[in-house]
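A short worksheet on the structure shown next.
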Amino acid sequence: MRTDTPQPIKLSDYTAPDFLIPSTELDFDLAPEATRVRARLTVTRQGPANAPLVLMGERLRLINIRIDGQPVESVVTDETLTIASVPDQFVLETEVEIDPLNNKTLEGLYMSSGRYCTQCEAEGFRKITYYLDRPDSLSKYRVRITAPRSGFPHLLSNGNLLEKGDLDDGRHYALWEDPFFKPCYLFALVAGELDVYEDTIETVSGRTVDLKIYVDTGMKTRAAYAMDALKRSMKWDEEVYGREYDLDLFMIVAVRDFNFGAMENKGLNIFNASLLLADPTTATDADYERIESVIAHEYFHNWSGNRVTCRDWFQLCLKEGLTVFRDQGFSADQRGHAVARIKDVKALRARQFPEDSGPLAHPVRPSSYVKIDNFYTATIYEKGAEIVGMLKTYVGPQVYRQALDHYFAANDGTAATLEDFLAAFEAVTGEDFSPWMAWYTQAGTPQLRASSTYDAAAHTLTLTFAQATPATPGQAQKAVVPIPIRFGLLSQDGDKQMFRHDGHLASEALHILRGADTTIVLTEVKSPPVLSILRHFSAPVLLHIEESGNDAFARFRGDPDAFNRWESAQGLAKRIILAERPDADLIDAFAEGLDACITDENLDDAFKALIMGLPTESDLAQHMSPIDPAFIHKNRNNLKSALSARLFDTLRDLYRSIPAPNTFSPDSVSAGRRAFRNALLDLMLARYNNAENKDELIALAESHFGQATNMTDMVGGLLALTYVQGTPYQNALDTFYDRFRNEPLVIDKWFSLQAAAAHPDTLDRVRALSQHPDFDAKTPNRWRALVQGFANNQSVFHAPGGGGYQFLVEQILAVDAFNPMTAARLVEPLSRYRFYTSPYRENMQTALQTIAAAPNLSKNVLELAARALTEEHS
Ligand code: BES
Ligand code: ZN
């Protein structure tokens, strides 16, 4: 393994910049392989008198550099430009040449489908010009763009358009000015041929804002849903957070080649086309839901991220965690709180919990990093959002709103820290919030134990809570964290039960566990209770309740907290699947409980679809030690098949009772109905291998697929045929391909559906697909569709021979050569090798070592491979 691991950057080394750049003028002369960028920066010293000016810059060809109009000596390395001696106040002019056409890192200025676009967060601006590329360097921007009119009719940047006009030789220009101070990671530029979907909105103070969504030509109608989501987001942020939009123009551009989902550049968001374009025939309900939440997320950043930005990248969660929490609140208001919460927790468990228990575990505010790109993680996003949620639960909704108002007012126009965020809560409550800091500085998922004793004569219940956080790499000792525990009691039949707590008679209460453990006494508890702990998942912890095996069934039957009702079903399924021997009685009881749920007219369809979903294989792996992926896969399938057999008549009746939709509406009730209908089909087909009515099952799946009038049902039909395999499956895939061969976003689905099939020949198929003419590793959407789809396919990826790991290694190394950021994101599936049983463990470790030993590895991939291979918690 290589040992030249690059030097990490440490939070404890933070110092304010030596210079300020209050104004930044940029002039772009666009040409595919030789774009000229002229920068005119006003610079003032705020640090020591002898400090040199050190600017960041990568892959720039310096043409000219002047201070106050005079040529000046500078020293240029691969990463910096240094001028040893500069005045206290001066104008720095530079001119560089860059090559957007051949920039396949998709960072800085690059070309996608003949269009120019930029991605600067986190440290991409330095690939555009020499600059103080750090988030605490705030500047006002004026940007001039010149390009040929033909091919580039739209020239866009942040802020307001001041001027545009024609030049000689068929060229034209546009001049933009952003009146708000911003860090350079929020800079954006787009130039090209685009269609515009336009609308306007009136803000709460009566200003009219022009809204423009730019998409590929011919795709205009597919921007309608994004526009609708944008307008709802803008209204919601006014009503719920009192946040008004601050420019007269808000633009979004959709691009096909993008390393992530979307980016919140000031006044000019840039989106991965997959998270913006939607119509019923090409987008699933999940796509619509995701588009709504990402539109909201990037828009909400205008306050949480742009008006108040981050002092340094260690504070990334200040904007990301808060903004995820805000977009989750929006989605919950749009689509229902219980269902939204369940989906968020599923995502947290699928991505964040594994990360937090493995070698890549890191605090929400890390103390060091090599490449900040590697820290856009589930921990920073999802756990970061959970912390904000706990703070809100703790102080209550009204005080939370006051605290956020205070935070925005006190830090507007500045680059802030997590201390500033907690200080806002302190300011409005007068309380000390420093204990909450441990949630930000400490890695690992806390374990919460709950136990109880009931005194039947005295009608009292003694409840004990205890917390412990396991050691994580570099952090052996853990502090206690405040844990908000929302809880209630049920009767043995699953009805809600009242109790007295803190003087109040209630059916639900909130307790904040502040120390390692605590005991509380509830009185007036009339009958032996069943605990319902951590309602609405009030804290991101692993809960263990000491209770009788039947208590989960009481919650399954009737917990008024929908989250815990769903959770009880997940827990029961886990117990069944991970048992050494199948327990027929338990399976019968579980099937009965499920039957009661899906036939209950008081429950909504979206909830029914969720409660029918068994825990994923990766979630189950978290509860097995050592992990045996084949065991999990087999037992999970067996349970599905058993449920399918026991519930078949109910499933079929319900399925028939829901008519196939012939009109499409993306609203959550309609989407819930489609989700439920597809879940019914899925569970019916799950017993295909053991079924006597195979022909009936094939006919059901084929007609579902064949008659589908929207993408959700088409995918549902294809997934059902995945159980069948063979000709019916292949025919459906071919039909799908022929119909959508000119729709890249749908062909992405075609790749990922095949990569996700749990078939014995999936690895061969995926290898073949990697040679398909439509496969293109340079387009992250297409590459992720195949390779990430495959790496998430637990039973196939973890093939005992290690062939799945080898394929992933080849792909990571191939993509690392030109797009390190995207390549690095797929190292994680190999990282938790120590938790697996043989031979998986050794094979995964070998795969990681192959990566780490590869020549010319990027810093991004090297950092993750090296961390994953580091010996136990050192
Ligand atoms: N600021 C990020 C975009 C970003 C991600 C920049 C990674 C640099 C590195 C943006 O606000 C974001 O968080 N996007 C998410 C989607 C969001 C809804 C969670 C993304 O791109 O995955
Ligand atoms: Zn974000």
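Bear in mind these aren't lab numbers, they're just calculated from the coordinates by the rules spelled out. Owing to the predicted nature of the structure, the values given are computational and were not obtained by experimental measurement. Positions of Cβ are generated from backbone atoms using ideal geometry, with glycine treated the same way; all protein chains shown enter the neighbour counts.
Things to note:
- Counted by neighbouring Cβ atoms within 10 Å, the residues Cys597, Cys117, Cys317 run from fewest to most as Cys597, Cys117, Cys317.
- The range 736-800, Cα convex hull volume normalised per residue, Å³: 79 Å³
- Where N is the number of residues in the range 349-428, Cα Rg divided by 2.2 N^0.38 Å: 1.26
- Its Cα gyration tensor gives the range 757-867 an equivalent ellipsoid; the semi-axes, largest first and in whole Å, are 20, 20, 10.
- Alpha carbon convex hull of the range 438-582, volume per residue in cubic angstrom: 120 Å³
- The helix-based estimate of mean residue ellipticity at 222 nm for the chain, built from -39,500 (n - 2.57) per DSSP H run of four or more residues and divided by its residue count, is -12000 deg cm²/dmol to the nearest 500.
- Packing-based ranking, highest mean first, of 119-126, 162-169 given that Cβ atoms within 10 Å are counted: 119-126, 162-169
- Here the peptides 171-177, 509-515 are ranked by packing, the mean other Cβ count within 10 Å, and the order with the highest first is 171-177, 509-515.
- For the range 456-533, Kirkwood radius (reciprocal of mean inverse C-alpha pair distance, Å): 13.9 Å
- Distant alpha-carbon pairs in the range 385-425 (separation over 15 angstrom), percent: 37 percent
- Computed on the range 181-312, with alpha-carbon pairs under 8 angstrom and 6+ residues apart, the relative contact order is 25 percent.
- Fraction in percent of alpha-carbon pairs per bin - 20 Å, the chain: 14, 46, 34, 6, 0
- Global geometry of the range 116-178, whether rounded, prolate or oblate, following the gyration tensor of its Cα atoms and the 1.5 cut on a/c: prolate
- Based on the Kirkwood approach, the hydrodynamic radius assigned to the range 203-317 is 14.7 Å, with every pair of different Cα atoms included.
- Taking a ≥ b ≥ c as the square roots of the eigenvalues of the Cα gyration tensor, the range 516-668 is oblate, since a/c reaches 1.5 or more and a/b is not larger than b/c.
- Square roots of 5 times each gyration tensor eigenvalue, C-alpha, the range 1-151, largest first, Å: 26, 21, 14
- Long-range tail of P(r) for the range 677-761 (Cα pairs > 19 Å, %): 32 percent
- Ranked from largest, the principal axis spans of the Cα set of the range 605-672 equal 48, 28, 16 Å.
- All-pairs alpha carbon distance profile, the range 406-461, 10 Å steps from 0, percent: 18, 29, 20, 17, 11, 4, 0
- Sorted largest first, the spans of the alpha carbon positions of the range 402-512 along the three principal axes are 60, 37, 23 Å.
- Dimensions in Å of the range 142-190 - Rg and Dmax from alpha carbons: 11.5, 35
- Using only alpha-carbon positions in the range 665-705, the gyration tensor eigenvalues give semi-axes of 25, 10, 5 Å once each is multiplied by 5 and square-rooted (largest first).
- Per residue, the convex hull spanned by the Cα atoms of the range 177-269 amounts to 119 cubic angstrom.
- Packing, as the average of other Cβ atoms within 10 Å across residues, places the peptides 284-296, 422-434 in the order 284-296, 422-434, highest first.
- For the range 246-404, a/c is less than 1.5, where a ≥ b ≥ c are the root eigenvalues of the C-alpha gyration tensor. That puts it in the rounded class.
- Gain on full stretching of the segment that runs from Ala49 to Asp166 - 0.36 nm per residue minus C-alpha separation: 37.6 nm
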